[in-house]
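The values are calculated or read from the model by the stated rules, or taken from the named source; none is laboratory data. Keep in mind the model is a prediction, meaning the values are calculated, not measured. Neighbour counts are summed over all protein chains in view; Cβ atoms, including those assigned to glycine, are modelled from backbone coordinates with ideal geometry. Protein only, heavy atoms only, side chains kept; ligands, DNA and RNA dropped before computing areas. Shrake-Rupley method; radii C 1.70, N 1.55, O 1.52, S 1.80 Å.
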Amino acid sequence: FLVNLSGYLDRQILSLLIEPVKKSLFLSDSMIGILQGLAFVITYSLFGLLAGRLVDRSNRRNLLVVCIGIWSLATACSGLAQSGGELFVARMFVGLGEAALMPAAVSLISDSVPESRRSFALGTFLTGTHLGIGMSLMIVGALLPPLTAMSSVLATQGHVVEPWRMVMMLMLVPGFVCCCLLLVIREPERRVARH
């Protein structure tokens, strides 16, 4: 649930910061559309096929930890982007990392939870999708005012850091928490399909 929520925070964050990103990087509406859609979808779609194969053949927990690290670092790197091209590459890596989320999580849940409770477990996991979307709105709304004030203070000291960049960089925190939590669980034994 928390990993899914974290993934959707990182996925949605750019859409909530469109105006400051456009102004800062001098981007057109078309480029913003490409950054929100194509940049993410290219790697999410292509790596999704490979991710499914990796989930079938490797330690799913470790794969998920690596992928959370990739998407969290990529979101933080989005905050460092100095051009639309750099932001495009960062968003591609968000898609690459998130491509393994669904296959790894469903496989882990299937092998960790008794069949009688599996539907509830999957439902709980999927609830993270909608809460992640909704919470991203609340988190950005809550973070922007204090980060704007902090940005103003830093500017008086000669350090220019735009608030939208700080929000992106703070997205490392949920990813780090999820990685730590996943590392305390063990990889479940794979169930053998009954024919």
### Task
Quick one: in the stretch 179-195, of everything that is open to solvent by 50 Å² or more (accessible area, probe 1.4 Å) and touching a residue at least 12 places away in the same chain (Cβ under 8 Å), which residue is nearest to ASP56 (Cα to Cα)?
ARG190
### Query
Among the numbered criteria (1) of a type in the set (A, V, I, L, M, F, W, C); (2) in a helix (DSSP H, G or I); (3) touching a residue at least 24 places away in the same chain (Cβ under 8 Å), which single criterion is violated by VAL106?
(3)
### Query
Restricting the search to the stretch 54-102, which residues are closer than 22 Å to LEU122 by Cβ and under 15 Å from the mean Cα position of the chain (by Cα)?
LEU63, LEU64, VAL65, CYS67, ILE68, TRP71, GLY97, GLU98, ALA99, ALA100, LEU101, MET102
### Query
Looking at the stretch 98-116, which of its residues are buried (at least 20 other Cβ atoms within 10 Å of the Cβ) and of a type in the set (Asp, Glu)?
GLU98
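Go through the stretch 109-129 and give me each residue that's free of Cβ contacts under 8 Å to residues at least 24 places away in the same chain and either under 17 Å from GLY175 (Cα atoms) or part of a helix (DSSP H, G or I) (or both).
Selection gives ILE109, GLU115, SER116, ARG117, ARG118, SER119, PHE120, ALA121, LEU122, GLY123.
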### Task
With the condition kept exactly as written, say whether any residue in the stretch 87-95 is in contact with a Gly (Cβ under 6 Å, 6 or more places away or on another chain), within 22 Å of ILE68 (Cβ to Cβ) and touching a residue at least 24 places away in the same chain (Cβ under 8 Å).
no
#### Entry: Filter result for ILE32 (under 18 Å from LEU172 (Cβ atoms) and of a type outside the set (Ser, Thr, Tyr))
no
## Note on the structure
From the option list PHE176, PHE125, PHE120, single residue qualifying as aromatic (Phe, Trp, Tyr) and buried (at least 18 other Cβ atoms within 10 Å of the Cβ) is PHE125
### Query
Taking the stretch 131-160 on its own, how many of its residues are assigned to a helix (DSSP H, G or I), without any contact (Cβ under 8 Å) to a residue 24 or more places away in the chain and open to solvent by 60 Å² or more (accessible area, probe 1.4 Å)?
9
### Query
Tell me, which helices (runs of 4 or more DSSP H) lie completely within the stretch 1-41 with 3 or more residues that are closer than 15 Å to ARG165 by Cα and modelled with pLDDT of 95 or more?
18-25
### Query
How many residues, within the stretch 53-68, are open to solvent by 20 Å² or more (accessible area, probe 1.4 Å) and either in a helix (DSSP H, G or I) or touching a residue at least 12 places away in the same chain (Cβ under 8 Å) (or both)?
10
### Query
Do any residues in the stretch 36-48 that are of a type in the set (Gly, Ala, Ser) have Cβ atoms under 6 Å from those of residues that are surrounded by 15 or more Cβ atoms within 10 Å (Cβ to Cβ), where the two are at least six apart or on different chains, and which pairs are they?
ALA39/PHE88; ALA39/ARG91; ALA39/MET92; GLY48/ALA99
### Message
As an exercise: evaluate VAL94 against (1) at pLDDT 95 or above; (2) not in a helix (DSSP H, G or I) and give the number of the one condition it does not meet.
### Response
(2)
